[in-house]
Number of protein chains: 2
Amino acid sequence: MDRRNVYIISGPAGVGKSTTSKELLKKLKDSAYISGDAVSHMHIGGRQKPWESKKEISLIWDNILCLTRNFLSYGNDVVIDYVTFPSEANWLFKNIIDLDVSVHYVVLWTDKETLLKRDLMRKKEYQMGDRCLILVDEFLDSGLDEKFRLPNCDKEPEAVIGEILNNGKFRLTESDE
Amino acid sequence: MDRRNVYIISGPAGVGKSTTSKELLKKLKDSAYISGDAVSHMHIGGRQKPWESKKEISLIWDNILCLTRNFLSYGNDVVIDYVTFPSEANWLFKNIIDLDVSVHYVVLWTDKETLLKRDLMRKKEYQMGDRCLILVDEFLDSGLDEKFRLPNCDKEPEAVIGEILNNGKFRLTESDE
């Protein structure tokens, strides 16, 4: 079996994580798509907002981790589509390092006006408003190494995917921890 | 922490598993909803039809199992909405028995005409046609103990939920294996 890959497609809300993930999946042979939002919403009664509850975010990442490990064990690459901070990406990396896998951490990046414009194009119940901009600041405050940022505004999806697949700089290594 | 519960809501396609699961969730305090179909469709590249591939069905159940264990560990009841045969229900039971949990196995049941009528009410791309009826026969051939069947045609959802919550006969025990 070839070495498997995990692609963590992160970035603030509205930056194009889902679109990019779906384009990326078209290039992978055996693959799985884990939407962090979908995993998060499996919790029904007693669910807290993940950004307000450490227990909730910990449950979400435990679930993403076990799914990722299973999909890898069955020979799949895995695309994770979720707002993921560096500490979370490194935690995941550390917990699958035994599986002979490369973990690519990509933080899509665009300007605040574009984020707000895209937010307004969503259905009302999915709009995040100011929380989009707060997320940008949280990424800036997270100690994120600039090399993991991938500016995607005015770029064709094809070009973005090309960078993710061919640019080694997104690969996490043990020195990133 | 109270003893937790896992409810496996099974039955042929079109019998009302999703509707019943959603009603049941309204009665539970801390809870999670695992749709087997949603878990199954996380696999993108290389996915086989689960009923034609042992490897695919094994991947799906490994994923359902790890999610179930996580949700239980965080104090939630779990509702699993999936076509589940007795051997699969018992496999799940055996693999979570260490967690102090009751597993309730409910196979919703109705007549073939009703199944076909409900199938036609779905969007075209979700219609299963004859596969609905094949599933009924597969359940009949699966060695399913009649006590796990819950006829739900002409019953109000409220009554169905009442039976699931209050009727001990759906609880799996080690002698069911």
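The values are calculated or read from the model by the stated rules, or taken from the named source; none is laboratory data. Please read these numbers as outputs of a predicted model, since none were measured by experiment. Methodologically, a virtual Cβ is constructed for each residue, glycine included, from the backbone with ideal geometry; neighbour enumeration extends over all protein chains shown. Remember, those area values only see protein heavy atoms, side chains included, never the ligands or the DNA or RNA. Shrake-Rupley method; radii C 1.70, N 1.55, O 1.52, S 1.80 Å.
What tally of residues in segment A:1-22 results from selecting those that are open to solvent by 50 Å² or more (accessible area, probe 1.4 Å) and either among the acidic types (Asp, Glu) or more than 27 Å from A:ILE134 (Cα to Cα) (or both)?
Qualifying residue count, segment A:1-22: 3.
If you go through segment A:18-30 one residue at a time, do you hit one that is more than 14 Å from chain B (Cβ to nearest Cβ), modelled with pLDDT of 95 or more and either closer than 19 Å to A:ILE164 by Cα or within 11 Å of the chain's Cα centre (by Cα) (or both)?
Yes; the residues of segment A:18-30 include at least one that is more than 14 Å from chain B (Cβ to nearest Cβ), modelled with pLDDT of 95 or more and either closer than 19 Å to A:ILE164 by Cα or within 11 Å of the chain's Cα centre (by Cα) (or both).
Can you run down the residue pairs with Cβ atoms below 6 Å, 6 or more apart or on separate chains, where the first is in segment A:148-160 and at pLDDT 90 or above and the partner is assigned to a strand (DSSP E or B)?
What qualifies is A:PHE148/A:TYR105; A:PHE148/A:VAL107; A:ARG149/A:VAL107; A:ARG149/A:TRP109; A:LEU150/A:VAL106; A:LEU150/A:LEU108; A:PRO151/A:TRP109; A:ASN152/A:LEU108.
Would it be correct to say that B:ALA89 is hydrophobic (A, V, I, L, M, F, W, C), assigned to a helix (DSSP H, G or I) and over 17 Å from the mean Cα position of the chain (by Cα)?
Considered against the rule, which asks whether it is hydrophobic (A, V, I, L, M, F, W, C), assigned to a helix (DSSP H, G or I) and over 17 Å from the mean Cα position of the chain (by Cα), B:ALA89 comes out as no.
Quick one: which residue in B:ASP81, B:ASP77 is within 12 Å of the chain's Cα centre (by Cα), within 12 Å of chain A (Cβ to nearest Cβ), under 22 Å from B:LEU150 (Cα atoms) and among the charged types (D, E, K, R)?
B:ASP81
Step by step: first the residues of segment A:33-73, then only those that are more than 10 Å from chain B (Cβ to nearest Cβ) and open to solvent by 40 Å² or more (accessible area, probe 1.4 Å), then the one that is nearest to the chain's Cα centre (by Cα). Which residue is that?
Among those residues, the one meeting the criterion is A:ASP37.
Go through (1) buried (at least 18 other Cβ atoms within 10 Å of the Cβ); (2) under 24 Å from B:ASP130 (Cα atoms); (3) touching an Asp or Glu at 6+ places or on another chain (Cβ under 7 Å) for B:ASN76 and report which single condition fails.
Among (1) buried (at least 18 other Cβ atoms within 10 Å of the Cβ); (2) under 24 Å from B:ASP130 (Cα atoms); (3) touching an Asp or Glu at 6+ places or on another chain (Cβ under 7 Å), B:ASN76 violates only (2).
Of all residues in segment B:108-138, which are assigned to a helix (DSSP H, G or I) and in contact with a helix residue (DSSP H, G or I) (Cβ under 7 Å, 6 or more places away or on another chain)?
Listed by number, the residues that qualify are B:LYS112, B:LEU115, B:LEU116, B:ASP119, B:CYS132, B:LEU133, B:VAL136.
Across segment B:134-147, which residue is most open to solvent (accessible area, probe 1.4 Å) among those that are without any contact (Cβ under 8 Å) to a residue 40 or more places away in the chain and closer than 21 Å to B:TRP51 by Cβ?
In this case the residue turns out to be B:ASP141.
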